[in-house]
Number of protein chains: 4
Amino acid sequence: MADNDLTVGWIGAGRMGAAMAIRLARAGAAPAVWNRTRAKAEATREHGCTVADDIAGLRDRDVVFTMVSGPADLESVLLGADGLLAEPGRAPAVVVDCSTVSAESSALVRAQCAARGVQFLAAPVSGNAKVVESGKLSIAVSGPRETFDRVAHLLRHLGRAVTYVGEDDVSRLVKICHNLMLGVVTQCMAEITVLAEKGGVSRAAFLDFLNDSVMGSVFTRYKSPAFVHLDYTPTFTPLLLRKDFDLGLALGRELDVPMPLAALTAQLVQQTVSSGRVTEDFAILLDQQAAAAGLALKPEDTPVDDGLAGGS
Amino acid sequence: MADNDLTVGWIGAGRMGAAMAIRLARAGAAPAVWNRTRAKAEATREHGCTVADDIAGLRDRDVVFTMVSGPADLESVLLGADGLLAEPGRAPAVVVDCSTVSAESSALVRAQCAARGVQFLAAPVSGNAKVVESGKLSIAVSGPRETFDRVAHLLRHLGRAVTYVGEDDVSRLVKICHNLMLGVVTQCMAEITVLAEKGGVSRAAFLDFLNDSVMGSVFTRYKSPAFVHLDYTPTFTPLLLRKDFDLGLALGRELDVPMPLAALTAQLVQQTVSSGRVTEDFAILLDQQAAAAGLALKPEDTPVDDGLAGGS
Amino acid sequence: MADNDLTVGWIGAGRMGAAMAIRLARAGAAPAVWNRTRAKAEATREHGCTVADDIAGLRDRDVVFTMVSGPADLESVLLGADGLLAEPGRAPAVVVDCSTVSAESSALVRAQCAARGVQFLAAPVSGNAKVVESGKLSIAVSGPRETFDRVAHLLRHLGRAVTYVGEDDVSRLVKICHNLMLGVVTQCMAEITVLAEKGGVSRAAFLDFLNDSVMGSVFTRYKSPAFVHLDYTPTFTPLLLRKDFDLGLALGRELDVPMPLAALTAQLVQQTVSSGRVTEDFAILLDQQAAAAGLALKPEDTPVDDGLAGGS
Amino acid sequence: MADNDLTVGWIGAGRMGAAMAIRLARAGAAPAVWNRTRAKAEATREHGCTVADDIAGLRDRDVVFTMVSGPADLESVLLGADGLLAEPGRAPAVVVDCSTVSAESSALVRAQCAARGVQFLAAPVSGNAKVVESGKLSIAVSGPRETFDRVAHLLRHLGRAVTYVGEDDVSRLVKICHNLMLGVVTQCMAEITVLAEKGGVSRAAFLDFLNDSVMGSVFTRYKSPAFVHLDYTPTFTPLLLRKDFDLGLALGRELDVPMPLAALTAQLVQQTVSSGRVTEDFAILLDQQAAAAGLALKPEDTPVDDGLAGGS
């Protein structure tokens, strides 16, 4: 079913998008890349991508991926006056969106694609740019099964796992569920790491054990340096996490699913926002938890493996 | 520092203990195994273990491991009239306990060992028998650093990761923290899996994505068959999990660490106990969450990889 | 400042509105009452009210109270084609709205009133019809202080307490806060009543003590018959309570106030909705809590005073 | 059944005990009062009490009340070498203990009384000294019904309400349940008061409405001055409240009653303890909540009625 001769376009070459496009290039798919700030697209050239002068230059590609910052950008690059779908009769067969948008935005874009005869796959991802580079990205995909089968080989170049989760836009729901877990697990890590530290175990030793235990995940591992060194350079901010909790709890409300742990975590995330520390990484949940326990944290001077080195 | 000629004894050949002893045997350590029900010890013979007639037969070994069901058993096999340490002047140099006991029990046994000139390592593990067999066991160890260095090579035969976490009995604290996470993560999985299902995504598809995502762990993977097939054959019961939450929250209380997520999860675990389903696996948190959401679960007829096949 | 000769109109003679209008009549204010279903207005006549044929008949009154079922009705009776404010130059000086609507709806109506030279007071109430009849209603009022002073004597006829809480529509916020407490207190009562019952104390005896203790309130007292007799005839449904929690948590979100207890209670209220019991009283939180504790409740055959008899 | 000629003794004349003894004196019961620090007993003389030189002086009284600071004191004054029950054949017919002790301590003392032919009533109270003085104290009583009937008229002199809740020591359970509500309600008040304040309503105005609403209680009223003026002079400390939550949650655990709100509140109370503010009133939950919301509280300069003036 897979068509190995598909031509590929790529819209959005931020750090994450660029890393993903480069993976496609290395796998031989030679994507043509467009980015609003052209320099970022140019930087992918040395890895095997080509650069498109404008979005129109991607209209003849078979498959175009989008990786942009939100619903407004997505609608603009697809449906805007100069957008990918602006020229009747000249559009890709398939659009695959890897951005994080709500199910509503996704459905709206899907309908507009359908009206123009374009198949649309919603394909949100789990991971950040460093995860992409290490080959550990995973992707949830929804839309027509047939379309998925046609382009799955391309998706598989992007990371270690691609899962088809159903029709329409349910992959957006799956991504939100995933992000709820990200918040709950981080708060849980904060609680038990502080407990262990007050009990006399260094954060480095505790997380070393935890990461190697059955509870360890790519996430617990790549969050460990922040916990040990108290380096809160942002990969994902409390504001973004709060937005995901808003979406997740709204879904729970709509589908009549009580979610006690998620709801409580949302309030603890809200508390980090209320404290004003909105530009740091959401790992500041650790700081907040330590303060609640009357514990003054100090950076530990221990090297910590984030598990992302030596990517494939 | 490691002494590769150490002779090894093993007390406790339940499913978990046997699997661990066998791993030592395969690595060439040739442990002599004693078990109250001798047949279980005998079953390890074909994998390279020898069988001791009584505990006294292990007193001349350099290192003796214990893997028993709780503090009473531990005290009995070590300190009882026929126990390992009952004969003055004839005892192993090192005892390594891999059982799950409280820090208090551990300290008591440690003191008794010290009084007899025996070094004691507390070495609780993360995983179940199947995890041992797959080579994915991990171990937190506390006690004298020098003793740890001397026997670490033996511990490393038991699983994929061995972490020295500090002096005395702090590894017990680390294990309890780990088990709190096990409860929180399971409740979180229950909440988001039910949300995804009510939103139209099968549990199999959702967990497939989750397990491959950055949030996936050995644990989420090996718990997935229970979630998909609703097979609640126990690996760990709500009663045992409640006991760990009792210990963990008591520690939080003693160390003045507020633990909102853990405390709330404890109440949800209590609810499964209150429902009377105490002999099933604690994965019934999923059932409870589905009932709370007004959702009647049905087993899904999809093969699910528990991630434990093909152990090393 | 009070003007004791003000003529009064009343829109909305449901059970609650009728009881309030009747209190005004008994105090000598002789309100003219209009209700969509005229029969309900007629029923107030014997208590000293007059009945208006249409809303237009109230335009010459000095003060008109509204007590309707929500924002749509409020906008209709005030701003609709036949509404109170539909005739330029002929409108009451003051409109006092006692309905429960959001701050947004309230602000919209206030602006429309202002555009027509009408002073608007937002005056949501605490209590149900039976509370009104017993004289225990309380009222939070916001809007221009001067207007409040002018009509406060009328408001005081309605119940036992009238509190001016500030400008504009802040009384709506106050009412929502109040309703959050109503949910939290009911869940708390459910938890401790079930604990006491499992410990051997009848619900009647326990609530008798609680109601007379420093924690007892008009609310705990009038909710006690439902808890003792398991009579869940609705005074306020889980759906309505959930709506108030939606509003309250949305406010917390907007104002950056984490609200852990309120958020958790919201999920427990959601659970009653998810169970499908949406037409009973929200006192079914007791049933839900008992089920969670594995306790089968039986009605207790003990007379319980709801504290509302012999109203003033 | 009541015996109006009973002679009365009183042990414990701290602020609370003295206020209670004085109420008995004013009602004509003329109690003989003993207190370890005699001066405190002497101070009750002007209100109609007499003073006993030693505990032995109370052995001939028909009924002796105890109001001491905890189980150790209770056991000492009753069962110690110089205690009330130390002389065989010379003891009161009835002992009524109003202290706050656990059900276990209570049962122990009850058994010792029974062995000496003394009837024992457990009669913990709701309120503080100021509540006693205002006549608003309430009492939960357990023990033999017949004994209760015999002395109920004395108990009724102590406050506004006396409730017989059952046999043995169940009144201790009732008191603990009551104190759980005290914590939950205070945290709830903190959440909604902070929400209202961030929304523009002064604490004084908000609590004024709340206290007069159906949710208002003697407790919300007498806690209001602390909330408005930020005066945290202790009536009850976070440490004492945490102890009650320990007892309450232990009971929930023993009786298999999940208590989500109580458990979460316990963690928030723990957080005040972890912050080190252990000598202030537990109303600092308000401060903690405000800090969590990023709000700096300032004392409001508004007179607030605590509802306890003009006691009866």
>> Inside 10 Å of the C-beta atoms of C:178-184, what's the mean count of C-beta atoms belonging to other chains?
In response: 6
> Which lysines have a Cα lying under 27 Å from the Cα of B:K198, excluding residues fewer than 8 positions away in the same chain?
Replying inline: A:K175, A:K243, B:K223, B:K298, C:K243
>> Computing the accessible area with a 1.4 Å probe over protein heavy atoms, can you report the carbon and sulfur percentage for the stretch A:176-292?
In response: 55 percent
> Over the Cα atoms of the stretch C:8-168, Rg to Rh with Kirkwood Rh, two decimal places?
Replying inline: 0.92
> Rg and Dmax of the stretch B:30-89, using alpha carbons, in Å: what are they?
Replying inline: 11.5, 34
> Share of antiparallel DSSP beta bridges in the stretch B:8-168, in percent to the nearest 5?
Replying inline: 10 percent
> Got a sec? Which residues in the stretch D:69-95 would a label at D:N4 touch, if it sits 7 Å along Cα→Cβ and we count backbone N under 13 Å?
Replying inline: none
>> Please report the net charge: other residues with Cβ closer than 11 Å to the Cβ of C:A190, K and R +1, D and E -1.
In response: -1
>> As a test of the formula, what do you get for chain C when each DSSP H run with n ≥ 4 contributes -39,500 (n - 2.57) and the sum is divided by the residue count, at 222 nm and rounded to the nearest 500 deg cm²/dmol?
In response: -15000 deg cm²/dmol
>> Modelling each spin label as a point 7 Å along the Cα-to-Cβ direction, I'd like the B:H229/B:R26 distance in nm, to one decimal.
In response: 2.3 nm
> Rolling a 1.4 angstrom probe over the protein heavy atoms, how many square angstrom per residue are accessible across chain C?
Replying inline: 35 Å²
>> Could you check the spin-label model distance between D:E46 and C:E104? Points 7 Å from the Cα along Cα→Cβ, value in nm.
In response: 6.4 nm
> Out of the DSSP beta bridges found with both residues in the protein assembly as shown, what percent are antiparallel (nearest 5)?
Replying inline: 15 percent
> Between C:P144 and the same site in the other copies, what are the distances in nm, shortest first, taking label points 7 Å from Cα along the C-beta direction?
Replying inline: 6.4, 7.3, 8.7
> How far is helix D:218-229 tilted off the main Cα axis of chain D, in degrees rounded to 10, range 0 to 90?
Replying inline: 50 degrees
>> With the label 7 angstrom out along Cα to Cβ, how close does D:L240 come to the same site in each of the other copies, in nm, nearest first?
In response: 3.9, 4.4, 4.9
> If you take every DSSP beta bridge whose two residues both sit in chain B, what share of them, in percent to the nearest 5, is antiparallel?
Replying inline: 10 percent
>> Inside 10 Å of the C-beta atoms of B:284-295, what's the mean count of C-beta atoms belonging to other chains?
In response: 4
> Taking N as the number of residues in the stretch C:74-149, what is its Cα Rg relative to 2.2 N^0.38 Å?
Replying inline: 1.17
> Of all accessible surface on the stretch B:1-80 at a 1.4 Å probe, what whole percent is carbon and sulfur?
Replying inline: 47 percent
> What would the Debye formula give as log10 I(q)/I(0) at q = 0.10, 0.14, 0.21 Å⁻¹ for the alpha-carbon point model of the stretch A:176-292, no solvent?
Replying inline: -0.29, -0.56, -1.17
> What total accessible area, in Å², is buried where chains A and B meet, using a 1.4 Å probe and rounding to the nearest 100?
Replying inline: 5400 Å²
>> Given 10 °C and 1.306 mPa s, compute D for the protein assembly as shown with the Stokes-Einstein relation, Rh being the Kirkwood radius over Cα pairs; round to the nearest whole µm²/s.
In response: 47 µm²/s
> Against the longest alpha carbon principal axis of chain D, how many degrees, from 0 to 90 and to the nearest 10, is the axis of helix D:103-115 turned?
Replying inline: 10 degrees
> Mind checking the mean number of beta-carbon atoms from other chains within 10 Å of the Cβ atoms in C:137-150?
Replying inline: 2
> Most fluctuating residue of D:G248, D:G70, D:G48 in a GNM of chain D with Cα springs under 10 Å: which is it?
Replying inline: D:G70
> Considering the rotational relationship between chains B and A, which residue of chain B contributes the beta-carbon of minimal distance to the axis, and what is that distance to the nearest Å?
Replying inline: B:S217, 2
> How far apart are the C:T50 label points across copies, placing each 7 Å from Cα toward Cβ, in nm, shortest first?
Replying inline: 7.4, 8.7, 11.3
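The values are calculated or read from the model by the stated rules, or taken from the named source; none is laboratory data. What you are looking at is a predicted structure, and each value in this text was computed from that prediction instead of being measured. Heads up, the Cβs are rebuilt from the backbone with ideal geometry, glycines too, and the neighbour counts pull from every protein chain shown. With ligands, DNA and RNA removed, areas are computed over all heavy atoms of the protein, side chains included. Shrake-Rupley method; radii C 1.70, N 1.55, O 1.52, S 1.80 Å.
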